[in-house]
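Notes follow once the structure below has been shown.
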Amino acid sequence: MFGDGVRCLVVVGSQWGDEGKGKIVDVLAKDADWIARYQGGANAGHTVRVGEDEFILHQIPSGVLYPGKRCALGNGMVLDPVTFFQEIDELKARGHEVEDRILVSFRIQLVLSYHKLLDRAQEESRGKGAIGTTGRGIGCAYEDKVARVGVRAVDLAVPDRLRELVESGAARANDKLRALGSQAEVDAAALYDELSALAPRLSARACDVGLALRKALDRGDKVLLEGAQGAMLDVDHGTYPFVTSSNTTAGAAATGVGLGPTALDAVLGVVKAYTTRVGSGPLPTELPEEEAARLRELGAEYGATTGRPRRTGWFDAAVVRYAARLNGVTALAVSKLDVLDPLPEVKLGVGYRLNGEEVEEFPADLSTLARIEPLYETMPGWGTPSSEARRLEELPAGARAYLDRIAELTGLPIRYVSVGTRRQQIIDAQD
Ligand code: GDP
Ligand code: IMO
Ligand code: MG
């Protein structure tokens, strides 16, 4: 994807998250100089395999496992400083020294212990209407950001201000926890001490990430902006309120690292060869449990962050068309094609019907979404492994036909096809 005038590439999930972004970003990172995250936080779980080792990255960009690559956490993220350093230390224990290659925005918002307590208490209070959050405090940290009471990385260097922010934040959180009927209580002094202890280590990584990336691009460096979650979890465009609390789509990439929108050269949309979702909310092409379980087992579809079983369904072209429009996707990467190898037939959701009429666009209204019926096309399975293919021509004919139909239905070129978890299990359609 880099080259041909592309210096700044955005990689976005174009379904409900877990599309295999980590694997694709890791592969593309080989040709990048910088890899930066622009939104979300430890709700993300991006799986990368290096040889026989598997890594699940939550807050650190997926390119970090290539030696020498520089990584950045943009202002649009919400950073849990405690688990961030745990992640760095775990990588170190497994032989990957990454700390001095990672920069953190001065302006990044911090996820504090009370955001996690509140996230869980709010979910409990929602009862049947629970969103099924990852419990990582994401929504509560973004609430504080927008309410202009958040704590930012830059505040760690100013002890008096930090103490004030933590004390008022803890008091507010305790009021909310009580109102939610929670027994949990935040100890402001202990939280302040914990943050003070982390402050020198975080401050050593903090900088103006937007400036660093601008200078990098001006030097001719290649920058990859790694999305978390997926378009259908975008707080504006997703299946609201069953969404995450950030803009996941490519438009947010510029704001989320501090670059101008004209800096973005191309957008690669990552999609699974089928569909999954973890958490509650609409999933039009969801399979009935028995068939859903089959696909779940074939694809090992369990959440990388929470271990929850993922809901599964057929590829939904209407969703991907919508995601492509929202993100300005210039090409697709299709992952996990190999998972469909054993199926006798595969189905493709081509659109929806409501009251006997075709629905052209993805509905905004939840009750409409509950009533739409997906329209399917059925294609024969290919029954031969695809995992050894390294060129499109080496794929089973049925798998190629399936990909061609996806390209046709979405109106997008397929640039990459992933056929396994390993780095080399990738097809670049331009090779
Ligand atoms: P992300 O959140 O988009 O990075 O995706 P996750 O890492 O949460 O989930 C994707 C899962 O599928 C991980 O377990 C990956 O190792 C795995 N995976 C990624 N690409 C492929 C592929 O092409 N084939 C198979 N079989 N597994 C894949
Ligand atoms: P990656 O980057 C899949 C889902 C949660 C829940 C909703 C809100 O690995 O693709 P939150 O904790 O963000 O407030 O939860 O969003 N969710 C994800 N689903 N992949 C993710 O990240 C997700 N991050 C959040 O399950 O439904
Ligand atoms: Mg994931």
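The values are calculated or read from the model by the stated rules, or taken from the named source; none is laboratory data. What you are looking at is a predicted structure, and each value in this text was computed from that prediction instead of being measured. Please note: Cβ atoms are built from the backbone with ideal geometry, for glycine as well, and neighbour counts cover all protein chains shown.
Only one entry of Val12, Val25 meets the criterion of being buried (at least 24 other Cβ atoms within 10 Å of the Cβ), of a type in the set (Val, Ile, Thr), in a helix (DSSP H, G or I) and within 16 Å of ligand 1 (Cβ to nearest atom), and that entry is Val25. Only one of the numbered conditions (1) buried (at least 22 other Cβ atoms within 10 Å of the Cβ); (2) among the hydrophobic types (A, V, I, L, M, F, W, C); (3) within 13 Å of ligand 3 (Cβ to nearest atom) is violated by Ile56, and that is (1). Take the residues in the range 29-47 that are surrounded by fewer than 24 Cβ atoms within 10 Å (Cβ to Cβ) and either at pLDDT below 95 or more than 9 Å from ligand 2 (Cβ to nearest atom) (or both); name whichever of them is nearest to Val257 (Cα to Cα). Going through the qualifying residues, I end up with Asp33.
Examine the range 86-93 for a residue that is assigned by TED's automatic domain parsing to the domain that holds Thr239 and of a type in the set (Lys, Arg), and state whether such a residue exists.
Yes, the range 86-93 has at least one match.
Listed by first and then second residue, the pairs linking a residue in the range 222-234 that is farther than 12 Å from Gly251 by Cα and away from ligand 1 (no atom under 12 Å from the Cβ) to a residue that is part of a loop (DSSP other than H, G, I, E, B) and at pLDDT below 95, with Cβ atoms under 7 Å apart and 6 or more places separating them unless they lie on different chains, are Lys222/Phe2. With respect to (1) more than 11 Å from Gln109 (Cα to Cα); (2) of a type in the set (D, E, K, R); (3) not in a helix (DSSP H, G or I), the lone exception for Asp175 is condition (3).
In the range 207-244, what residues are among the small types (Gly, Ala, Ser) and out of contact with any Lys or Arg (no Cβ under 9 Å at 6 or more places or on another chain)? Across the range 207-244, the qualifying residues are Ala231, Gly238.
One line per residue, one yes/no per condition, for (1) under 30 Å from Gln122 (Cα atoms); (2) buried (at least 16 other Cβ atoms within 10 Å of the Cβ); (3) assigned by TED's automatic domain parsing to the domain that holds Gly150; (4) touching a residue at least 60 places away in the same chain (Cβ under 8 Å):
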position: Arg172; (1), (2), (3), (4): yes, yes, yes, no
position: Asp187; (1), (2), (3), (4): yes, no, yes, no
position: Leu191; (1), (2), (3), (4): yes, yes, yes, yes
position: Arg214; (1), (2), (3), (4): no, yes, no, no
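In the set Val278, Val270, only one residue is surrounded by fewer than 24 Cβ atoms within 10 Å (Cβ to Cβ), assigned by TED's automatic domain parsing to the domain that holds Arg415, closer than 27 Å to Tyr376 by Cβ and within 12 Å of ligand 1 (Cβ to nearest atom); that residue is Val278.
Look through Gly303, Gly328, Gly299, Gly349 and report the one residue that is under 24 Å from the mean Cα position of the chain (by Cα), over 24 Å from Asp234 (Cα atoms), among the small types (Gly, Ala, Ser) and surrounded by 15 or more Cβ atoms within 10 Å (Cβ to Cβ). Criteria check complete, one pass: Gly299.
Evaluating Leu354 against the criteria (1) surrounded by 14 or more Cβ atoms within 10 Å (Cβ to Cβ); (2) over 30 Å from Ser62 (Cα atoms); (3) aliphatic (A, V, I, L, M) leaves one unmet condition, (1). When each of Thr134, Thr83 is tested for being of a type in the set (Ser, Thr, Tyr) and within 16 Å of ligand 1 (Cβ to nearest atom), the lone residue that passes is Thr134.
Could you please let me know if Ala389 is modelled with pLDDT of 95 or more, crowded, with 21+ Cβ neighbours inside 10 Å and either more than 25 Å from the chain's Cα centre (by Cα) or not assigned by TED's automatic domain parsing to the domain that holds Pro241 (or both)? Judged against the criteria, Ala389 is a match.
Exactly one residue among Thr378, Thr410 is among the polar types (S, T, N, Q), surrounded by fewer than 19 Cβ atoms within 10 Å (Cβ to Cβ) and touching a residue at least 24 places away in the same chain (Cβ under 8 Å), and that residue is Thr378. On inspection, Val6 fails the criterion of being under 16 Å from Gly74 (Cα atoms), more than 10 Å from ligand 2 (Cβ to nearest atom) and modelled with pLDDT of 95 or more. Taking (1) free of Cβ contacts under 8 Å to residues at least 40 places away in the same chain; (2) in contact with a helix residue (DSSP H, G or I) (Cβ under 7 Å, 6 or more places away or on another chain) in turn, Lys30 satisfies each apart from (2).
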